[in-house]
1. Could you count how many residues in the range 292-301 are part of a loop (DSSP other than H, G, I, E, B) and in contact with a strand residue (DSSP E or B) (Cβ under 9 Å, 6 or more places away or on another chain)?
2. What do you reckon, is residue 289 in contact with a helix residue (DSSP H, G or I) (Cβ under 8 Å, 6 or more places away or on another chain), part of a loop (DSSP other than H, G, I, E, B) and either modelled with pLDDT under 90 or assigned by TED's automatic domain parsing to the domain that holds residue 185 (or both)?
3. Could you go through the range 85-98 and let me know if any residue there is surrounded by 14 or more Cβ atoms within 10 Å (Cβ to Cβ), touching a helix residue (DSSP H, G or I) at 6+ places or on another chain (Cβ under 9 Å), modelled with pLDDT under 85 and at negative phi.
4. From the residues in the range 230-247 that are assigned to a strand (DSSP E or B) and farther than 15 Å from residue 118 by Cα, which one is modelled with the lowest pLDDT?
5. Consider residue 106 carefully, then state whether it is over 30 Å from residue 62 (Cβ atoms) and either modelled with pLDDT of 85 or more or touching a strand residue (DSSP E or B) at 6+ places or on another chain (Cβ under 7 Å) (or both).
6. Which one is surrounded by the most Cβ atoms within 10 Å (Cβ to Cβ) among residues in the range 135-159 that are under 18 Å from the mean Cα position of the chain (by Cα) and farther than 22 Å from residue 183 by Cβ?
7. Give just the number: which of (1) touching a strand residue (DSSP E or B) at 6+ places or on another chain (Cβ under 7 Å); (2) surrounded by 17 or more Cβ atoms within 10 Å (Cβ to Cβ); (3) under 18 Å from residue 102 (Cα atoms) does residue 49 not satisfy?
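The values are calculated or read from the model by the stated rules, or taken from the named source; none is laboratory data. This is a predicted model, so every value here is computed, not measured. Counting neighbours? That spans all protein chains shown, and the Cβs are built from the backbone with ideal geometry, glycine included.
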């Protein structure tokens, strides 16, 4: 059974505190009952660590750390994120499997007072890096002399981020023509495809799902080997930042209607979009297609094509 993930909302402010996984058996509870294991989890909340680093931080024996990390891993509370050779031996790096864990006895209906940010958006704000939302300039620019026409959609996303995080978000909003913004050591939220957004154009070839402008603007998935050409299609994908360190979230349609569909999907289908692509369980990248659910001629919902 797939783990259920819940947004942890502050009941007083309505703001997002993090995402927690549901605990369905007693093993994780028994695992955290040991005081040292609880301290190890708190130490890993600061970022991935090797057992030697944890041992020095907590002033305990390294082998003792290995023993307790094995128990935490078995309980599903931590996971391995890398192996390095140190002094002729292999060292395993660990990270938290989730920001927190919860036992849920009774579920409630959604409360409209609380703002829930989709998890793939929240990933940009986990590590304290500055986040740059990059919009396409409204002036003609780039090889296609395009104008950005999706700023109202970006405002919806910015509002949701502000409601969830307030000033803690460290959100900076810049145009793709701004040469003064340092995007190399930041998390990026790109709005718009490579025909209109020059930063998207600079990273397009590095994306698992990308745009092919040479054939009339198609979405091409390297994961499924499929192509999508409907004007209401769009990409929503979370990857490493090809321009430097950090993460990159792209929300872009083949046309404005596709970007509108993507933003609609972000609000209505954030849980599904935060899961990996069905063709590659290690990659969060999706193609969506807008649908006109209320018959007014404008996409107001979306289906996930992959």
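1. Qualifying residue count for the region: 6.
2. It is false that residue 289 is in contact with a helix residue (DSSP H, G or I) (Cβ under 8 Å, 6 or more places away or on another chain), part of a loop (DSSP other than H, G, I, E, B) and either modelled with pLDDT under 90 or assigned by TED's automatic domain parsing to the domain that holds residue 185 (or both).
3. Checked the range 85-98: at least one residue is surrounded by 14 or more Cβ atoms within 10 Å (Cβ to Cβ), touching a helix residue (DSSP H, G or I) at 6+ places or on another chain (Cβ under 9 Å), modelled with pLDDT under 85 and at negative phi.
4. 245
5. no
6. The first filter runs over the range 135-159 and keeps only residues under 18 Å from the mean Cα position of the chain (by Cα), leaving 154, 156-159.
In the following step, the residues that additionally are farther than 22 Å from residue 183 by Cβ were identified as 156, 159.
Numbers: 156: 14, 159: 11.
Across the range 135-159, the extreme among qualifying residues is 156.
7. Result: residue 49 passes all but (3).
Okay, residues lined up against (1) out of contact with any strand residue (DSSP E or B) (no Cβ under 9 Å at 6 or more places or on another chain); (2) under 26 Å from residue 129 (Cα atoms); (3) in contact (Cβ under 8 Å) with a residue 60 or more places away in the chain:
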position	(1), (2), (3)
43	no, yes, no
78	no, yes, no
84	no, yes, no
90	no, no, no
102	no, no, yes
